Amino acid sequence: LDAQGQSVGSEPLAPFGDAAGVGTGRNWAHVNSVAYDPTDDSIIISARHQGVMKIGRDKQVKWILAPSVGWKNGLEKKLLKPVDANGKAIKCSPTGDCEGGFDFTYTQHAAWPRASKKGSIVVFDNGQVRHYEQPALPEMNYSRLVEYKIDPKKMTVQQTWEYGKERGHEWYSPVTSLTEYHPDKNSIVTYSATAGAEYDFKNGAFVTAPNPYLSEFKWGAKEPSVEIQILNNKGYQAMPINLDKAMNN
């Protein structure tokens, strides 16, 4: 809030900022998803500029999933500590550069709890300004689907599954996108969006890069069961709906 009234380009700067009018200090959180967790009567928030956090009915922050840099005034005590599958602490830099393959989310979307597994959340990690710096080349950017297992008593977080890093820039989504677990199919649906993608139908090729994909995975699979390349897409989100419920409501 110290930057209220200032536009992008003024100090203090965030490593990522919105256009003037919702710039640094005015859109300091940029909340893009809110999900209710009935297991402890709380909500899980994806704040694009801050990280993922859980807030209780008492309006108190329960935990924060984000790199440690910048947190203060007691909120640093709410940061989850990364651990491996054996519960051993993983070393991370303040900006989230971690050992052992663990990584935080950056400019993420759609942080949803996995209803059938307590303590599990699934997130679309856009990866823009990963570790709070731009890579040397745009083609070095990548996005991920990622699942974390959170222990709120020990205040630890374990990364249990990811997909997308190996796809590199072709699967990258700088903004928007969505991922959601569906217990009836035990699968996860994801949309790696790129608003404004253009396809040249005459020549049969994209004229933009990266470009959007709609995919579905069996839970825990290393590759999608279904993957659809979207042509000439101008949309931001895509998600399955239950037609029976939609028609009855």
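Annotations for the structure displayed:
- Index of the failed condition, residue 164 passing every other in (1) modelled with pLDDT of 80 or more; (2) closer than 18 Å to residue 125 by Cβ; (3) open to solvent by 80 Å² or more (accessible area, probe 1.4 Å): (3)
- Here region 193-240 is the region considered, the condition is being open to solvent by 50 Å² or more (accessible area, probe 1.4 Å) and of a type in the set (Asp, Glu), and the residue that is modelled with the lowest pLDDT is 198.
- There is no residue in region 196-208 that is within 30 Å of residue 89 (Cα to Cα) and of a type in the set (Lys, Arg).
- Sole exception among (1) within 17 Å of residue 219 (Cα to Cα); (2) touching a residue at least 12 places away in the same chain (Cβ under 8 Å); (3) outside any strand (DSSP E or B) for residue 184, by number: (2)
- Which numbered condition residue 146 misses (of (1) buried (at least 18 other Cβ atoms within 10 Å of the Cβ); (2) aliphatic (A, V, I, L, M); (3) over 29 Å from residue 120 (Cα atoms)): (3)
- Residue check, residue 11 surrounded by fewer than 16 Cβ atoms within 10 Å (Cβ to Cβ), over 23 Å from residue 124 (Cα atoms) and modelled with pLDDT of 95 or more: no
- Residue in region 70-87 that is over 18 Å from residue 153 (Cα atoms) and surrounded by 20 or more Cβ atoms within 10 Å (Cβ to Cβ) present: no
- Residue 134, sole failed condition from (1) open to solvent by 60 Å² or more (accessible area, probe 1.4 Å); (2) outside any loop (DSSP other than H, G, I, E, B): (2)
- For region 151-165, a residue qualifies if it is within 17 Å of the chain's Cα centre (by Cα) and not aromatic (Phe, Trp, Tyr), and the qualifying residues are 157, 158, 159, 160, 162, 164, 165.
- Filter result for residue 103 (open to solvent by less than 60 Å² (accessible area, probe 1.4 Å), at pLDDT 95 or above and closer than 17 Å to residue 190 by Cα): no
- Top-ranked residue in region 188-222 [being in a loop (DSSP other than H, G, I, E, B) and free of Cβ contacts under 8 Å to residues at least 24 places away in the same chain; ranked as nearest to residue 172 (Cα to Cα)]: 208
The values are calculated or read from the model by the stated rules, or taken from the named source; none is laboratory data. Just so we're clear, the structure is a prediction, and the values are computed from it rather than from any experiment. Note: ideal-geometry Cβ built from the backbone for every residue, glycine included; neighbour counts use all protein chains shown. Please note that ligands, DNA and RNA were not included when accessible areas were found on the heavy atoms of the full protein model with its side chains. Shrake-Rupley method; radii C 1.70, N 1.55, O 1.52, S 1.80 Å.
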